[in-house]
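Colleague: Below is a structure I'd like to ask you about.
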Amino acid sequence: MLLPFSASAQKGKRKAVSKKKAPVTIVQEEPEEEEEDPRLQQMLNATERIIVIDSMVVGRNNVLAAIFPNPEEGRLVSYKDFFHEGNDTTGYVYVNELGNRCILSKPNANGHMQLYSRDLIGNKWSEPELLKGLDGKEFSDLNYPYLMPDGVTLYFAARGSESLGGYDIYRTRLDSESGRYLKPENIGMPFCSDNDDFFYVIDEQNKLGYFATTRRQAKGKVCVYTFIPNETRSIYDADIIGLTRLRSLAQLNRIADTWGNGKARKEALKRKQTATAIHPIATNASLHDVAFVINDQTIYSGISDFRAPELFRELQSLQTRTEELDKALQKSRTYYARTSKEEQLQLKQDILSMEQQLEQLQQQIREKEKEIRNTENNAIKE
């Protein structure tokens with residue numbers, strides 16, 4: 001940039017001179033600006049509008065404790081815990097709801113993570129078979145698989161020439177005729193960033209979604225966001241909200257900015273409470289005894305972690321009663337539709353009574369969870 005400084009522009013008295021001096025020109029070189037990846041701007045303009053209902057910070061090795069796939073749609077397990085082989089702790093396994101097929105990630109001969117499938121034949125898993133269509137040179141590492149209930153749509157995270165930085169989240173579909181997966185597409189912002197973004201999981205029944213990211217996190221930590229999946233993709237309009245706000249929403253700087261009037265979030269939080277209450281991890285039926293969030297930095301994964309374990313047992317009892325009552329309520333509602341009008345009158349009162357009891361139990365659960373967190377946080381401070 002040229003910055004002219006004319007002598008006539010300076011203040012103060014000057015001595016007379018016979019000739020005017022030419023203006024002094026100083027050439028100041030500015031550092032070259034780094035060119036922004038054009039894909040960033042393209043993705044920014046296509047940022048999906050979502051409602052993020054909450055977030056949780058956990059250790060990267062404990063990420064599954066904060067993600068709750070619907071057991072009726074499949075489950076996620078670490079490779080080491082599922083197959084009990086090898087020393088790798090970075091691979092993961094998606095197992096379908098029938099438990100007879102899985103998609104897994106594990107290192108290949110060169111040490112790079114790849115995706116494979118295995119089938120349960122009799123009581124033995126078949127040899128890993130590399131997923132066709134995902135075995136090219138586009139990605140250096142593929143991990144964190146999750147297959148949708150349709151058996152066709154696959155989400156995974158990958159590093160490679162097409163990623164913004166670290167792991168990005170991709171979606172692909174299986175071509176049933178060829179048995180190959182189609183060219184993956186990056187699902188874009190706000191799910192992807194220039195950090196590691198992975199484990200995109202959808203619970204279709206409860207209309208909840210999860211994904212993990214290392215953005216703005218300390219080393220070894222990840223933030224797991226819970227959001228409401230869209231039935232139809234909708235994007236923000238930068239001309240309306242402005243570029244600054246669009247960037248903030250794309251980076252999820254403040255999840256409260258996604259809530260709108262808060263009604264949809266409130267309903268989704270109730271669905272999540274129900275989903276987590278009966279989840280295998282939360283009911284001691286899977287990898288961990290418990291998965292209870294104390295604060296943003298602490299998740300208890302065993303009953304021995306609690307300073308006041310009797311409070312947690314009371315919570316478990318409330319959750320069990322709630323689950324049993326909810327099942328009875330669903331049966332009564334189903335029976336109500338099939339019975340006579342006279343029986344419906346009596347059954348209606350029973351249903352209303354059970355609904356009131358269920359609401360009271362859910363309130364007691366919330367209060368008990370709050371009591372446990374306050375007790376444990378106070379003990380941690382001491």
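The values are calculated or read from the model by the stated rules, or taken from the named source; none is laboratory data. It should be emphasised that the depicted structure is a prediction, and the values quoted were computed from it without experimental measurement. No Cβ is skipped: glycine too gets one built from the backbone with ideal geometry, and neighbour counts run over all protein chains shown. Please note that ligands, DNA and RNA were not included when accessible areas were found on the heavy atoms of the full protein model with its side chains. Shrake-Rupley method; radii C 1.70, N 1.55, O 1.52, S 1.80 Å.
Colleague: Over what distance in Å are the Cα centres of the range 152-166 and the range 311-382 separated?
Modeller: Cα centroid to Cα centroid, the span is 41 Å.
Colleague: Excluding HIS112 itself, calculate the net charge of residues whose Cβ lies under 14 Å from the Cβ of HIS112, where each Lys or Arg counts +1 and each Asp or Glu counts -1.
Modeller: Net of charged neighbours comes to -1.
Colleague: Can I ask one more? With everything on Cα atoms, drop me the angle between helix 309-336 and the longest principal axis of the chain, reported from 0 to 90° to the nearest 10.
Modeller: 70
Colleague: Using modelled backbone amide H atoms (1.01 Å from N, in-plane), which distant-in-sequence or interchain residues come within less than 5 Å of GLY133's amide H?
Modeller: Hits under the 5 Å cutoff: TYR181.
Colleague: Distance in nm between label sites at ARG171 and LYS331, each 7 Å beyond Cα in the beta-carbon direction?
Modeller: So the label points at ARG171 and LYS331 sit 3.9 nm apart.
Colleague: Each residue of the range 347-362 in order: what ³J(HN,Hα) in whole Hz does its phi give by Karplus 6.51 cos²θ - 1.76 cosθ + 1.60, θ = phi - 60°, with x for Gly and Pro?
Modeller: In residue order, the calculated couplings are 5, 4, 5, 5, 5, 4, 5, 5, 4, 5, 5, 5, 5, 5, 4, 5 Hz.
Colleague: Something else: ASP150 versus ARG60, label points 7 Å from Cα toward the beta carbon: distance in nm?
Modeller: Spacing of the two 7 Å Cα→Cβ label points: 3.2 nm.
Colleague: Let me ask something else about it. Whole-Hz ³J(HN,Hα) for each residue in the range 150-155, computed from phi via Karplus 6.51 cos²θ - 1.76 cosθ + 1.60 with θ = phi - 60°, x for glycine and proline: what do you get?
Modeller: For the range 150-155, the Karplus curve yields 5, x, 10, 8, 10, 9 Hz.
Colleague: From the helices alone, meaning DSSP H stretches of at least four residues, give me the mean residue ellipticity at 222 nm for the chain, per-run term -39500 (n - 2.57), in deg cm²/dmol to the nearest 500.
Modeller: -9500 deg cm²/dmol
Colleague: Working from Cα positions, state the angle (0 to 90°, nearest 10) between the long axis of helix 263-277 and the longest principal axis of the chain.
Modeller: 50
Colleague: Find which of ILE103, ASN62, GLY151 sits farthest along the positive direction of the dipole of the chain, computed with +1 on the beta-carbon of Lys and Arg, -1 on that of Asp and Glu, about the Cα centre.
Modeller: ASN62
Colleague: Let me ask you something else. Looking at this model, which pairs from LYS266/LYS327; LYS272/LYS341; LYS106/LYS219; LYS106/LYS221; LYS270/LYS368; LYS137/LYS207 are more than 27 angstrom apart at the alpha-carbon?
Modeller: Violating the 27 Å limit, Cα to Cα: LYS272/LYS341; LYS137/LYS207.
Colleague: Check which residues have an amide H placed less than 5 Å from ARG101's amide H, if you skip close sequence neighbours.
Modeller: The list, which skips near neighbours in sequence, is ASN96, LEU120.
Colleague: Still on this structure: Counting only protein heavy atoms and a 1.4 Å probe, tell me what percentage of the range 49-92's accessible area is made up of carbon and sulfur.
Modeller: That share works out to 46 percent.
Colleague: Additional query: Of the residues ASP237, ASP88, ASP350, which exhibits the maximal mean-square fluctuation in a Gaussian network model of the chain defined by a 10 Å Cα contact cut-off?
Modeller: It is ASP350.
Colleague: Ok, one more. For the range 144-184, what does the accessible surface come to per residue with a 1.4 Å probe? Please give it in Å².
Modeller: 43
Colleague: Give me the distance in nm between label points sitting 7 Å out from Cα along the Cα-to-Cβ direction at ARG49 and ASN100, one decimal.
Modeller: Distance between label points: 4.4 nm.
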